[in-house]
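Participant: I have a structure I would like to understand better, so I am pasting it below and will then ask my questions one at a time.
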Amino acid sequence: MNVNLYQSTPSYSLQHAILMYGANPDSVDLVTINAVVQTAAGPVIGEGRGATKAGLLDMLECVKEAVRKPLELLHPNVIALTDDCMVWWEEAKSRRIAFKSKELGRRAAIVPHPALLFVVKGASWYVFALAGNKRPTADTALYVSPYFNVWCGGAICTGSTRTPTKEAVTNPDAWTKAFFESAFTHPNIHGLNQLVLWEHGCFAFWRDMLDGKFTTFPNEVLVSTNVTVQKLIHKLQ
């Protein structure tokens, strides 16, 4: 196998292979390091030798530069970041929100929103509310986000939401934009005072919001999750 990424880069050829053997698909009982023989028909994996822990560690040291993530500036709203997880916050401000539900009809308006904490991990997407409007710390308390289409535990039901394309998956702004451009159709958290602390329920609350009852988001309606940012990040490990 020869790989040429761009015309200006050298041509690469397969040099070594690491094979893992197991009694079943969930176990690894033997690891071998195999040389690769270049033939007219293409590369062929040759005879291997048993790998040792020290040998594998040495190999990882040799290849770390090839897999090292390049140094880059982080988005200023990012709280935590790994190869498969991104946590960021959004300040409290007025944004457009749209509903398409039997109880509220088809309505949209620019209304105040609380500060929010978003998480994207693999194929999962979460949102939580924040009572303060400043960058959260490890001890910052998380609240149930007051939105429809969000499950207990913060998981977002994407439905027909157009999530960011491959080129934008590491851009927090693209995810936030996708969230607020979707139409909110139904609450996934049911029961009085479970989504918002409002006497007549979540539909009445959002009707009041759409009618312009508040100039800033009323944080007193937020429901506690009894989870802090630190506890959440620990769960995401």
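Participant: Between V223 and residues 5 or more places away or on another chain, which pairs have amide H atoms under 5 Å apart, with H built 1.01 Å from N, and which residues are they?
Facilitator: V144, L197
Participant: Let me ask something else about it. Could you work out the local net charge near K134, counting Lys and Arg as +1, Asp and Glu as -1, over the other residues with Cβ closer than 14 Å to its Cβ?
Facilitator: My count for the surroundings of K134 gives -1.
Participant: Now for a different question. Among A129, A155, A138, determine the one that fluctuates most according to a GNM of the chain built with springs between C-alpha atoms less than 10 Å apart.
Facilitator: A138
Participant: Would you calculate the separation in nanometres between label points at E181 and R95, each defined as 7 Å from the Cα along the Cα-to-beta-carbon direction?
Facilitator: 1.3
Participant: Still on this model: Once you list every other residue whose beta carbon is under 13 Å from the beta carbon of V227, what net charge do they have if Lys and Arg are +1 and Asp and Glu are -1?
Facilitator: Cβ neighbours under 13 Å give a net charge of +1.
Participant: Among 33-40, 145-152, how do they line up from the highest to the lowest mean number of other beta-carbon atoms within 10 Å?
Facilitator: 145-152, 33-40
Participant: Is the shape of region 81-129 best called rounded, prolate or oblate, per the rule: a/c under 1.5 gives rounded, else a/b larger than b/c gives prolate, else oblate, with a ≥ b ≥ c the square roots of the Cα gyration tensor eigenvalues? Each step should come with its number before you reach the end.
Facilitator: On the way: a/c = 3.88, a/b = 1.81, b/c = 2.15.
Oblate, because a/c is 1.5 or more while a/b does not exceed b/c.
Participant: Cross-link candidates for K53: which lysines have Cα within less than 17 Å, leaving aside residues fewer than 8 places away along the same chain?
Facilitator: Filter leaves K64.
Participant: At a Cα cut-off below 24 Å, give the lysines reachable from K93, other chains included and same-chain residues fewer than 8 away excluded.
Facilitator: K134, K177, K213
Participant: Using a cut-off of 18 Å between alpha-carbon atoms, which lysines can reach K235, once sequence neighbours fewer than 8 places away in the same chain are excluded?
Facilitator: Qualifying lysines at Cα under 18 Å: K121.
Participant: Hey, what did the chain get for relative contact order, percent, Cα under 8 Å, at least 6 apart?
Facilitator: 15
Participant: For the pair H234 and R162, how long in nm is the line joining their label points, each one 7 Å along Cα→Cβ?
Facilitator: Between H234 and R162, the simple spin-label model gives 4.1 nm.
Participant: What FRET efficiency comes out for E199 versus D26 if R0 is 45 angstrom and r is the Cβ-Cβ distance? Round to the nearest 0.05. Provide the component values of the computation, followed by the final result.
Facilitator: Details: r = 52 Å, r/R0 = 1.16.
With R0 = 45 Å, the Cβ-Cβ based efficiency is 0.30.
Where a number appears in this text, it was derived from the coordinates with a stated rule and is not lab data. This structure is a prediction, so every number in the text was calculated from the model and none was measured. No Cβ is skipped: glycine too gets one built from the backbone with ideal geometry, and neighbour counts run over all protein chains shown.
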